[in-house]
Amino acid sequence: INILDDCLCDIDSIDNFNTFKIFPKIKKLQERDYFRYYKVNLKRPCPFWAEDGHCSIKDCHVEPCPESKIPVGIKAGSSNKYSKVANNTKELEDCEQANKLGAINSTLSNQSKEAFIDWARYDDSQDHFCELDDERSPAAQYVDLLLNPERYTGYKGSSAWRVWNSIYEENCFKPRSVYRPLNPLAPSRGESFYTWLEGLCLEKRVFYKLISGLHASINLHLCANYLLEETWGKPSWGPNMKEFKRRFDPVETKGEGPRRLKNLYFLYLIELRALSKVAPYFERSIVDLYTGNVEEDADTKTLLLNIFQDTKSFPMHFDEKSMFAGDKKGAKSLKEEFRLHFKNISRIMDCVGCDKCRLWGKLQTQGLGTALKILFSEKEIQKLPENSPSKGFQLTRQEIVALLNAFGRLSTSIRELQNFKVLLQHSR
């Protein structure tokens, strides 16, 4: 899978560029106060269905199996380890574990809380030209991303599937008749899907690949930070090869795995392209990454501009002109269509039954949405005035934090993928 479709790039050069240039710097950037705190509303109800996650975080009840549904073989022996009680206990344990692992650590120092009030004052004094529905809500809270790393939480099963299925179904512009090889529980009739996908115009194909790439990236983080065992009551986290193979091995996934990984690289290139395009916005002296600490803010900005320099130096970018090459009217409605799809995905994320998964789902969706907003706004970015806010293009603190943390997650995924490749070679 060395050459990527829809763009002239090979995977080795992306790996090297990411490992040696991007990854170390973006890791440092994510530790700065400006990028460490993300404001998010985790209390919005799911608008599409009643949330009944495998472990709905609020109340974790297990529905006992009705007597009539229990197979005779299981009913027969009372000492059977698959008896109803044993089963429920196992589910309850899983459930409690998922509750514990999926909960948000909302610890914030008083100093941080005071700083946030100051940040809000500063942000409000800036002009805004976009909708701030989520972060203006009284239920929105700041979360410390470093205290809440993205990793395995035990949130899985039908509830998690329903969320991903809705994201693909709602947002992939797809005719209902085409079967999508997403759900591993379904029988595989995959090829017709790919012939259909190739027949789509480039931008709709891109949309599918972006979602698939995001899905692959999130799954990679879960495989790389898996709960291996509890030792001395302390959980230990690390790579889980079996889980990695289940999701990405060409044989185990009937050829699906390499495609998913290809889409991850594709998503990386799209976000990389957006970063290189948005640089002029941040190069203006009027833009500062305000936290109230002047020296630290200047350092953070220098580090960010340094990362932008690197993104510009990468020779093989996805060419988005090919993507929005239609007439002006078509491009405008496409931009609007993409924006609405992303808004919708963000609403679907409100249906994720585990707070930590919801946090990272929302952040990465907003980051990708912001990247697309940038790619759609190239002309406006070029016309920005040096010393005054622009009516044409503006990014909020939330969008900036989401954009760079989302790209940080992709950079981490590609790094983790290389570790898995090494582990695979050793295990052979």
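The values are calculated or read from the model by the stated rules, or taken from the named source; none is laboratory data. As the structure is a computational prediction, the values presented were derived from the model and not from experiment. Don't worry about glycine lacking a Cβ; one is built from the backbone with ideal geometry, like all the others, and counts go over all protein chains shown. Each accessible area value is taken on the protein alone, full model and side chains, heavy atoms only, with ligands, DNA and RNA left out. Shrake-Rupley method; radii C 1.70, N 1.55, O 1.52, S 1.80 Å.
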Exercise for the section: State the extension gain, in nm to one decimal, for the chain segment bounded by ALA120 and GLU378, taking 0.36 nm per residue of separation less the distance between their alpha-carbons. Expected result: 90.1 nm
Problem - Difference of contour (0.36 nm per residue) and Cα-Cα distance, GLU337 to ASP288 - result: 14.5 nm
Practice task
Return the sequence-ordered ³J(HN,Hα) values of region 10-19 in whole Hz as given by the Karplus equation 6.51 cos²θ - 1.76 cosθ + 1.60 applied to θ = phi - 60°, using x for Gly and Pro.
Solution key: 10, 5, 4, 5, 5, 4, 5, 4, 5, 5
Problem - Paramagnetic reach from GLU296 in region 32-48 [backbone N under 15 Å; point 7 Å along Cα→Cβ] - result: 32-38
Handout entry: Accessible area per residue, Å², region 278-428 with all protein chains present, probe 1.4 Å
Key = 42
Exercise for the section: Would you tell me the accessible area of LYS39, worked out with a 1.4 angstrom probe on the heavy atoms of the protein chains, in Å² to the nearest 10? Expected result: 60
Practice task
Calculate what fraction, in whole %, of the accessible area of region 222-282 sits on carbon and sulfur atoms when a 1.4 Å probe is rolled over the protein chains.
Solution key: 54
Fill in the blank from the handout: Contour minus Cα-Cα span, LYS234 to GLN418, at 0.36 nm per residue, comes to 63.5 nm
